[in-house]
Amino acid sequence: MPEPISEEILLKRIDTQATEAARGRSYLSTLDEHPLMRQVDDLLQRSRAKINGIGPAIRTKMEGDLWTAMHGNYVSTSNDLAFPATFVQSQGPYVWDSAGNRYIDGTSGIAVMNLGHKYDGVERYVLLQRLLHPGAAPGDIGFAPYAELAQELAKIAPGRTPKRVELFNSGTEAMECALKNIIRHTGKRSFLAFQGAFHGRTYGALSLCASKARNVRGFGSPVLPVHHLPFPESAEDMDHTFHAAEDLFATSLPPEEVAALVIEPIQGEGGYRMPPQGFLKALREFCSAKGILLVVDEVQTGMGRTGTLLRVEQEQIEPDVIILGKGLGNGSPLSAVIARREILEGPPGSHGNTNGGINAIAGLGVVRAMDAFKLQQCAETGMHIRTALRKCLAQHPGFDGVRGAGMMNAMTVDHGAHGRRRGAFIKRAFERGLLLLPAGADAVRIIPPLTISKDVAQCIVDLVGQAAEDVRNA
Ligand SMILES: Cc1ncc(COP(=O)(O)O)c(C=O)c1O
């Protein structure tokens with residue numbers, strides 16, 4: 001049992017931490033040395049699931065349980081339950097359902113668990129922080145993890161221009177903050193985005209979206225004027241995109257009236273669509289020449305998912321604004337806007353929220369873990385998955401378009417009979433113990449945690465092949 005802490009001791013410890021911070025030591029290292037950390041580590045160790053062998057272990061056919069029934073009855077129907085199961089435990093690449101079946105999580109909780117489920121190097125700080133001071137209105141009332149994560153993210157963002165940071169809980173909130181601050185800073189309201197884009201579901205972010213009609217149906221006019229350019233997937237497309245922009249500027253929207261252009265470096269919800277190499281760099285030059293701010297939404301591509309901490313590093317560009325979410329908290333709600341300093345210098349009270357940054361400690365843990373983590377190795381595992389998938393799926397016509405970068409992989413599934421083939425494939429993968437989710441019109445994303453071993457990677461490929469075979473034989 002952890003010893004109870006008296007208020008007096010706690011105050012003394014907090015005092016020590018503040019002194020350490022003042023001496024320039026990182027907040028995480030003060031937690032590392034905290035007397036309670038040993039007990040936290042011990043608790044984490046004891047909570048680890050026992051894992052025998054590699055890959056899934058399916059004992060019971062799951063077609064729903066008590067909680068999926070409750071979900072069906074009580075949860076808003078706009079939430080789309082992906083699997084007929086409820087998950088009660090997780091560890092690394094694995095999740096366990098209420099019947100004790102073990103699955104490989106090929107979704108990483110929709111690109112959140114980049115370091116794997118219950119990653120000790122993050123959870124130990126999250127747990128200790130909750131014991132010491134869970135935080136309260138951290139953007140407005142001094143909170144060490146918030147200030148320190150802001151500093152870390154400002155340092156991580158590419159380029160030498162000084163940055164400021166604001167923290168939130170979800171990707172869409174971060175996008176709202178970026179949009180409002182850009183409008184205030186530039187005095188302009190028009191934006192450019194891309195066909196197939198997804199940036200969140202609140203009204204401002206939704207104005208930028210053009211990936212699925214169901215996201216916008218019935219919600220009225222967008223709150224911002226946004227023009228959607230074609231998203232290029234080849235060098236020829238790229239010329240077409242720039243021509244479309246020039247055409248727009250010449251006919252209906254003068255460039256000096258555009259506040260910013262917003263792009264996902266690889267489209268996520270739109271179907272894991274990849275622009276040709278060099279496009280982001282060309283876009284940076286284009287925006288600079290036209291006086292348009294460049295906003296890069298790395299909510300899905302960021303925190304190591306594509307082989308570097310941020311996707312933009314691969315084209316060595318400095319966006320004016322970067323949006324992070326999902327993997328930034330590795331399971332704790334956390335998102336961020338990192339922007340050129342002057343963009344986030346609005347008057348006090350002009351933007352903000354109560355709880356944003358309350359999980360900043362998770363972000364500090366993730367940044368530290370990523371620092372030590374061999375992203376190159378993870379990119380190689382991702383490449384192995386794509387190569388092996390291409391080989392395996394060559395025998396399965398209709399399942400064979402494989403693409404991706406780092407550990408952001410997707411395969412395409414032809415519509416098949418009445419467009420149901422992709423759903424049937426995902427269902428068969430689930431029954432075999434592999435969780436997968438669709439993206440866009442015809443893609444299936446294969447995005448396990450970056451931390452998987454080569455053996456688990458191979459197991460994923462084998463399961464995909466078996467599920468494709470099942471569907472072909474059905
Ligand atoms: C690129 C991108 N931006 C923004 C969002 C919105 O994030 P959230 O669901 O946390 O609001 C998502 C979510 O899928 C996303 O993929």
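The values are calculated or read from the model by the stated rules, or taken from the named source; none is laboratory data. Note that the coordinates shown come from a computational prediction; the quantities given were computed from them, not determined experimentally. Ideal geometry is used to build each Cβ from the backbone, glycine not excepted, and the neighbour counts take in all protein chains shown. All accessible areas refer to the heavy atoms of the entire protein, side chains included, with ligands and DNA or RNA removed. Shrake-Rupley method; radii C 1.70, N 1.55, O 1.52, S 1.80 Å.
Overview of results
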| item | result |
| --- | --- |
| Pair list, Cβ under 9 Å, 6 or more apart: region 157-183 residue in contact (Cβ under 8 Å) with a residue 60 or more places away in the chain and closer than 16 Å to G327 by Cβ, other residue among the charged types (D, E, K, R) and away from the ligand (no atom under 16 Å from the Cβ) | A157/K163; A157/E318 |
| Looking only at region 194-212, and only at residues there that are open to solvent by 10 Å² or more (accessible area, probe 1.4 Å) and of a type in the set (A, V, I, L, M), the one that is farthest from I263 (Cα to Cα) | L206 |
| Any helices (runs of 4 or more DSSP H) falling wholly within region 87-157 and containing at least 3 residues that are closer than 23 Å to A405 by Cα | 108-111 |
| Number of positions in region 73-83 that are open to solvent by 50 Å² or more (accessible area, probe 1.4 Å) and touching a helix residue (DSSP H, G or I) at 6+ places or on another chain (Cβ under 9 Å) | 3 |
| Search result, residues across region 312-330 that are under 12 Å from the mean Cα position of the chain (by Cα) and not in a loop (DSSP other than H, G, I, E, B) | I323, L324, K326, G327, L328 |
| Residue in region 142-164 that is within 12 Å of the ligand (Cβ to nearest atom), closer than 20 Å to Q300 by Cβ and either crowded, with 23+ Cβ neighbours inside 10 Å or under 22 Å from the mean Cα position of the chain (by Cα) (or both) present | no |
| Residue check, A410 part of a strand (DSSP E or B) and either buried (at least 20 other Cβ atoms within 10 Å of the Cβ) or basic (K, R) (or both) | yes |
| Whichever residue in region 244-282 is more than 23 Å from G204 (Cα to Cα) and polar (S, T, N, Q) and, among such residues, is most open to solvent (accessible area, probe 1.4 Å) | Q277 |
| Residues of region 264-278 satisfying the condition of being more than 10 Å from the ligand (Cβ to nearest atom) and within 14 Å of the chain's Cα centre (by Cα) | Y272 |
| Condition met for E285 (farther than 16 Å from A178 by Cβ, without any contact (Cβ under 8 Å) to a residue 12 or more places away in the chain and either within 22 Å of the chain's Cα centre (by Cα) or surrounded by fewer than 17 Cβ atoms within 10 Å (Cβ to Cβ) (or both)) | yes |
| Considering residues of region 102-137 that are of a type in the set (A, V, I, L, M) and within 16 Å of the ligand (Cβ to nearest atom) only, the residue most open to solvent (accessible area, probe 1.4 Å) | I110 |
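Conditions tested, residue by residue: (1) within 20 Å of P225 (Cβ to Cβ); (2) within 16 Å of the ligand (Cβ to nearest atom); (3) without any contact (Cβ under 8 Å) to a residue 40 or more places away in the chain; (4) not hydrophobic (A, V, I, L, M, F, W, C).
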site	(1), (2), (3), (4)
A244	yes, no, yes, no
F249	yes, no, no, no
P255	yes, no, yes, yes
V262	yes, yes, no, no
L280	no, yes, yes, no
